[in-house]
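One structure is given here, and the rest of the page talks about it.
The values are calculated or read from the model by the stated rules, or taken from the named source; none is laboratory data. The model shown is predicted, which means the values in this text are computed figures rather than measured ones. Note: ideal-geometry Cβ built from the backbone for every residue, glycine included; neighbour counts use all protein chains shown.
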Amino acid sequence: MTARRGRLRCAFADLDLSWIDPARIGAHVHELSITQSVVDAVCEHAAGRRVHSVRVEIGALCAVVPDAMRFCFDLAAAGTVADGARLDLDIPPGWAHCRGCGARFAVTDPILLCRCGSADVEVLTGRELRILSMEVS
């Protein structure tokens, strides 16, 4: 994928992005790159069949903004077999285990501290980023 003068080129699309305010999408370049990879994988596995929906799991600690990914999905899918497909996001919460006191606790941000004060924690869930399913015809 290469960006050049308001155009996004990838294996599946040549999108005119000149209508997008660069300040608006600039904050979502991370999500655009991830979403483009998702669309590329979906289109490859669809093997020319029409994609109607894609279900993606994004852990709460994955550093991906769900609304930004939804916005980017329509851009990345335009002109591909996934054009017009619905993006469903599953966002499992983050959970961690404290090696110090043995507690299992919810994690809502990347600062991994147990209530006991220990930073010796293991993240159990929340960093997932995977395509769970897709509906094609």
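Contact map, segment 81-97: first residue of a type in the set (Lys, Arg), second residue modelled with pLDDT of 95 or more, Cβ cut-off under 6 Å, separation 6 or more or different chains; pairs are 86/53.
Each row is one residue, and each column tells you yes or no for (1) at pLDDT below 95; (2) under 21 Å from residue 136 (Cα atoms); (3) touching a His at 6+ places or on another chain (Cβ under 7 Å).
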| site | (1), (2), (3) |
| --- | --- |
| 17 | yes, no, no |
| 31 | yes, no, no |
| 37 | yes, yes, no |
| 59 | yes, no, no |
| 73 | no, yes, no |
| 85 | no, yes, yes |
| 94 | yes, no, no |
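Conditions tested, residue by residue: (1) under 19 Å from residue 34 (Cβ atoms); (2) in contact with a helix residue (DSSP H, G or I) (Cβ under 6 Å, 6 or more places away or on another chain); (3) surrounded by 15 or more Cβ atoms within 10 Å (Cβ to Cβ).
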residue	(1), (2), (3)
76	yes, yes, yes
90	yes, no, no
97	no, no, yes
107	no, no, yes
115	no, no, no
120	no, no, no
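Exactly one residue out of 30, 52 is in a strand (DSSP E or B), at negative phi and of a type outside the set (Val, Ile, Thr), and it is 52. Being closer than 18 Å to residue 41 by Cα and touching a strand residue (DSSP E or B) at 6+ places or on another chain (Cβ under 7 Å) is a property that residue 124 lacks.
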